[in-house]
Amino acid sequence: MKRLSFAVVFIFVLSIFAAPVLAANTFELVIPLPLTGKQAKFGEMMKRSYEMAAEEVNARGGIKKKKLILAFEDSGAKPETARAIVERLIDVKKQPIIVGEYTSACAKAVAAVAEERKTPYLIVASADDEITQQNYKYVFRQNQVNDHYADALVSFFRDVVKPRTIAILYESSAFGTSGAEAMAKDAAKLGVRVVMKEKYEAGSVDFRPLLSKVKAARPDVVYMVSYVMDASLLMKQIKELRVDAKLFAGGAAGFAIPEFIENAKDAAEYVVSATLWTEQLKYPGAGEYAEKYKARYGAYPSYHGASAYSAIFVVKNALERAKSWTPDAIRDSLKATNLMTAFGPIRFENREGYRNQNFMDTLAIQVQSGRFETIWPLNHASKRYIYPIPTWRQRR
Amino acid sequence: MTSAQIEVLLQTLISGILLGGLYALIGLGMTLIMGVMKIINLAHGELMMVAMYIAYWMFVLFHVDPYLSVFIAAPVMFFLGVMIQKFLINPVLRVESILPENQVILTVGIGMVLSNLATMFFTSDYRSTPVGYATDALYLSDYWKSSPIELSLSVPWSVSFVFAVIITIALWFFLSKTDTGKSIRATAQDPEAALLMGVNIKLMRVITFGLGSGLVGAAGCLLLPIYYLFPALGGQFTLIAFVITILGRLGSAMGAIIGGLVLGVFESLTATYIGMGWAPVGRFVMFIACLVFLPGGVASLLRKKRFGA
Amino acid sequence: MPFVILAILAALPLTGLSSYAMHLVILVVMWSVVGMAWNLLGGYCGQVSFGHAAYFGVGAYTAGILYTKMAISPWWGVPLSIPVVALFSFFLGYIVLRLRGPFFALATLASGEVMRVTAENLVDFTGGTLGIMIQERTWVEKTWYYYIILLVATVTFVLVKKLAESKLGYYFVAIREDQDAAESMGINTTLYKTLALCISGCLTGAAGAFYMNYMGYIDPNVVFALHDISIITIMIVMVGGVATYWGPVVGAVIMVLLAEWIRSIPGLGTAHYTFFGILLIIIIIFLPNGIVGDFPKLKRLLKLQKA
């Protein structure tokens, strides 16, 4: 019992001391993120990027001379918790704008609350198409929707690879499913036959049965939509089974993060992936941000980080233009955003059934000599694409 | 069947068997703990995660191969298991409560703490040991030039499989031939009778939990070269361990390897011929079916055949 | 006593609680319902289920599918989930109730997972992993949600209490204490266990249907979650007090409010999870029958310390 009361007292003391002392001339922005659980990696990357952006904003005099103070709350990727956080921000903290979250399930929960409570919500990295299709007036999204993630990749297929058949493998999640659906639709448009479309449970250990089937089906292109490490396991086992195809392509996420190359090593070579952003882009500040991040944390960030980093500048810009710092005024100024950021140009448009959605160029990257190179569209390319790719036998 | 179909079938079976070996290794610790103490340990996967971090850091800091780390991680995990049993689980088991399952909460709590501590100390980054042999494989066509089909056998997976078999045999030997092993089995069968026979059942439980943790620690080291590592990885492997424990027989080392193989082959076949998305359904349906219809595990079928009973 | 508490609870929205506080209160009440339902099966009847997410999810999906397939208000899901879940739990009980103790626990655990993956795979019926989203939730204000779930909770509480005090309740406890003895006394254990499972499942399903309406979004990973639903449910009951009327309520208060409080301690960051885990360990070591179940012990311990 002594231990119990000690623990309680300890927590109390902690909570008292940890309460931040706020000066009047500050603007506090609390950001909900998944910092525990399976999605924690992305939450962490985004947290670091938000912090880097806030430092830069403050170094240049803050927002309208107010110092920007960031705080983060862990939602653990649970929708109820994300909702609790946002209800508190709107209700108790009276925060006039919400930024953040990562998983689509949480973003949906937050978006519904934001719309009901008439508080603008800027989505940074949740890709599920549905969110901005609800005709929500207060919900803005700066990352591309899942349906368009692979646009650059599809045009690469059309102009360069010209495949006749495609096999689509995707993880069993909202992201994987909608990515696979979008590719199936695009394939139909290009006249490419889908010979296989199969999902797998994320986190699987052994993909060989699935891959032997792919091998037997002999598709021209193998397109995979996977989170994080499934991507590198897939490529490793493809190499091991010597599944040959004209091209191995990934649908962003797991194929576009540094861990992919680190883990899959030579198996990752020549793999092409869709992505929303690379550090080689010529957007102002993109390279600087990536280098700074790498210097600090040892690896390049993926598009999730860049989007988070730029979100702070979008918020800053919107707040500076807003007539007053009320939710409605901020909503109006967010709607009028036309800003060039490290993540690319940001404008919130209503089209194709989406509302307040930023449509941006997507890219295709390829792993060349153990590095991501931007290869498509050609005006963004940092290196020329390598195609055709050698077979696994030739690579030894 | 065309040669392509035969190739798919054979490759599926190979990977099923290799996967089974790995599963068996993960299930071994669980079957021992559940068999002896009848407790449901939901921190099983988290214990494996801890062992994987040990192996990972041994590799990064001292360039110790993950396979050698087995000999470091397993004793460390044994010690950790002993501590958990002695200071956390035993006190709870001792107290009379309406439902004995309250220890489950304890293991959930332990799991939460372990995975969260890992997040705090090692960040939630995904890691993997960059061992050179991760994608090495043996190919049929390299040995038999005119082979009409191509089959491959992954080197690290085969190593894990061999390890699994060796560890299972060692454990079986320990449980059936040594005094301590016999006492553990006696504790599993009837704790009160064992107590009357002069077995220190409390000590046996501590040893069992330690041994179970050490075994899952070894499994973690063998999994590391072929998989990857992050703090929240435990959960899915805990579930797999449950399935194997039931498919084999509670407390049976040989049962675990049979259970692992059955599950591995079954999952691979499901993945090939029905769809990989359905593989987990198959896994758990088989699990429930086995619980209901084969309380002695799949191994009991074999035994019945042999002795006609 | 219960009437006083009910009156206080009914008056709660009138006190002008913030929407944030109401959200937490609604979650507490919802989890109490699930906890009380679990308690009927686990606490009284002794069948420890690790798969209440299955019933919760089936309830939630009943409401969701009514909305997407038949275009009627998902609120119909709350009453309609009862026959659906009853049928489902009858079927499931037929399989899993043959098992005892840890085997029953594992079978239920697996049944929750089976339901999750099935819901993921039946894309045409459930929407698969894309989930079901309600375009516009019924109310912005939380008051009505609160009264609805409070009504469900009151019904649940009364039902569990009446059942536990009836002959049926004694049968349940007899089964929990010694199933073979109960059988030999002429109690049809299969019948009563199935009954307990069905009632427990229906109540959980109703809470699930409410969740669909309240949160406006579900997907298989959210409502069939092993850790976030099934295990949280067990923790609520075990921490609060097994086989007590108020235990699940106390447990829900602790699991929701305390978790939220610890989580929002600034500066603690991700360590909140460790704190919460340690707290659970401490509670279960010192109060193995939960706070309500071991209340005399808790009082004694506290008194001892004062003296």
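Numerical summary
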item	result
Phi-based couplings in Hz for region C:161-177 (Karplus 6.51, -1.76, 1.60; Gly and Pro marked x)	5, 4, 4, 5, 8, 7, 4, 4, x, 5, 4, 4, 5, 4, 5, 4, 6
Nonlocal amide H pairs with C:Val242, under 5 Å, H built at 1.01 Å	C:Gly293
Amide hydrogen neighbours beyond the local backbone of A:Val30, cut-off 5 Å, H modeled	A:Ala71
Convex hull volume per residue in cubic angstrom - Cα atoms of region B:153-309	152
Kyte-Doolittle mean at least 1.0 and Cα axial length at least 24 Å: DSSP H helices in chain B	B:3-37, B:44-62, B:66-84, B:102-122, B:155-177, B:201-223, B:253-273
Distance between modelled label sites at C:Tyr170 and A:Lys185, nm, 7 Å Cα→Cβ extension	6.5
Amide N of region A:367-394 lying under 16 Å from the label point, which is placed 7 angstrom from the Cα of A:Arg218 along Cα→Cβ	A:391-392
Inter-label distance, nm, simple model (7 Å from Cα along the C-beta direction), A:Arg158/B:Val162	5.3
For region A:31-85 versus region C:261-307, the gap between their alpha-carbon centres in whole angstrom	30
Cα-centre dipole for region A:329-368 with unit charges at Cβ (Lys and Arg positive, Asp and Glu negative), debye to 20	140
A:Arg321/C:Leu6 FRET efficiency (R0 45 Å; Cβ-Cβ; nearest 0.05)	0.30
Loop-exposed chymotrypsin sites (Phe, Trp or Tyr not before Pro) per DSSP, neighbour cap 14 Cβ within 10 angstrom, longest uninterrupted part of chain B	B:145-309
Rounded FRET efficiency, nearest 0.05, which uses the C-beta distance separating C:Asp178 from B:Lys182 and R0 of 30 Å	0.50
Summed residue charge, Cβ within 15 Å of A:Val205's Cβ, Lys/Arg positive, Asp/Glu negative	-3
Ranked by how many other beta carbons lie within 10 Å on average, peptides C:14-22, A:156-164, C:227-235 from highest	C:227-235, A:156-164, C:14-22
Loop trypsin sites (Lys or Arg not before Pro), region B:139-220, which have at most 13 other Cβ atoms in a 10 Å radius of their Cβ (DSSP)	B:Lys145
Simple label model, 7 Å out from Cα along Cβ direction - B:Gln5 to A:Glu28, nm	6.8
Averaged over C:12-21, number of beta-carbon atoms from partner chains that fall within 10 Å	3
Neighbourhood net charge (15 Å Cβ-Cβ; Lys/Arg +1, Asp/Glu -1) for C:Gly64	-1
Number of partner chain Cβ atoms within 10 Å, mean per residue of A:85-92	5
Under the Karplus curve 6.51 cos²θ - 1.76 cosθ + 1.60, θ = phi - 60°, whole-Hz ³J(HN,Hα) for region A:265-273, x wherever Gly or Pro sits	6, 5, 5, 7, 4, 6, 5, 9, 9
Size descriptor, Kirkwood hydrodynamic radius, that averages inverse alpha-carbon separations across the protein assembly as shown, Å	29.5
Kyte-Doolittle mean at least 0.5, axial Cα span of 15 Å or more - DSSP H helices of chain A	A:2-18, A:104-116
Exposure proxy ranking, count of Cβ atoms within 10 Å, fewest first, for B:Met83, A:Met229	B:Met83, A:Met229
C:Leu151/C:Arg100 FRET efficiency (R0 35 Å; Cβ-Cβ; nearest 0.05)	0.50
For C:Leu268, net neighbour charge (Lys/Arg +1, Asp/Glu -1) across residues whose Cβ lies under 14 Å away	-2
Debye equation applied to the C-alpha atoms of region A:132-250, log10 I(q)/I(0) at 0.15, 0.20, 0.23 Å⁻¹	-0.67, -1.10, -1.37
Size of region C:2-306 as Cα extents on the principal axes (Å, biggest first)	53, 49, 38
Centre separation in Å (Cα based) which lies between region A:100-122 and region C:66-142	25
Mean shadow area of region B:3-307 over all directions, Cα convex hull, nm²	18.1
Rg and Dmax of region C:201-307, Cα atoms only, in Å	16.0, 53
Average partner coverage of A:66-76, which counts Cβ from other chains inside 10 Å	2
Region C:9-50 and region B:21-87: distance between their alpha carbon centers, rounded to Å	38
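FYI, it's all coordinate maths here, none of it is from the lab. Quick caveat, the model's predicted, so the values are computed rather than measured. As a convention, Cβ positions derive from the backbone with ideal geometry for all residues, glycine included, and neighbour counts pool all protein chains shown.
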